[in-house]
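These notes concern the structure reproduced below.
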Amino acid sequence: GQTQGLEHAGTEYQLRYLGTMLGLEQPALPGPGAWYPVLLAGPAERREAIQLDQLLGSMQVMVQPLGAQLDSLCWFTGGTILEDGRIALLLDLNILLDNFHRQQVARDAGGNPPDHAND
């Protein structure tokens, strides 16, 4: 959380916090000694290291549609109920990254970010 990027296997990655990409606040990191998982993703021309709060691990899930209430959130592909009964939303990482980059390009150009919630 204290750096703008990282390098892995000779490739540079821009560091982003997943919560910020989803429109939430910056992370409240407890201190410089804390470690957080990072997901390396994105096409070759714009690689991202996405900082997460936690990883749950690998599991098989039954994907359910979200319904009309959440249809406007295009970066979620569905939802599932975890073994402990909690509900989890499933991200489409490609759509999230595309939407995030479009908003950055619009901000850099001095305009308002385009609304791609229904793309």
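The values are calculated or read from the model by the stated rules, or taken from the named source; none is laboratory data. Keep in mind that this is a model prediction, so the values were computed, not measured. Note: ideal-geometry Cβ built from the backbone for every residue, glycine included; neighbour counts use all protein chains shown. Keep in mind that these areas ignore ligands, DNA and RNA; they rest on the heavy atoms of the full protein, side chains included. Shrake-Rupley method; radii C 1.70, N 1.55, O 1.52, S 1.80 Å.
Peptide packing for 47-54, 64-71 was compared via the average number of neighbouring C-beta atoms within 10 Å per residue; ordered from the highest value, the list is 47-54, 64-71. Determine, from the Cβ-Cβ distance of GLU12 and THR77 and an R0 of 25 Å, the FRET efficiency 1/(1 + (r/R0)^6), rounded to the nearest 0.05. In this case the efficiency is close to 0.30. Distances between placed amide hydrogens fall under 5 Å for THR77 paired with LEU90, LEU91, ASP92, all partners being 5 or more residues away or on another chain. Annotation: TYR36 carries an accessible surface of approximately 70 Å², with a 1.4 Å probe and no ligand, DNA or RNA atoms counted.
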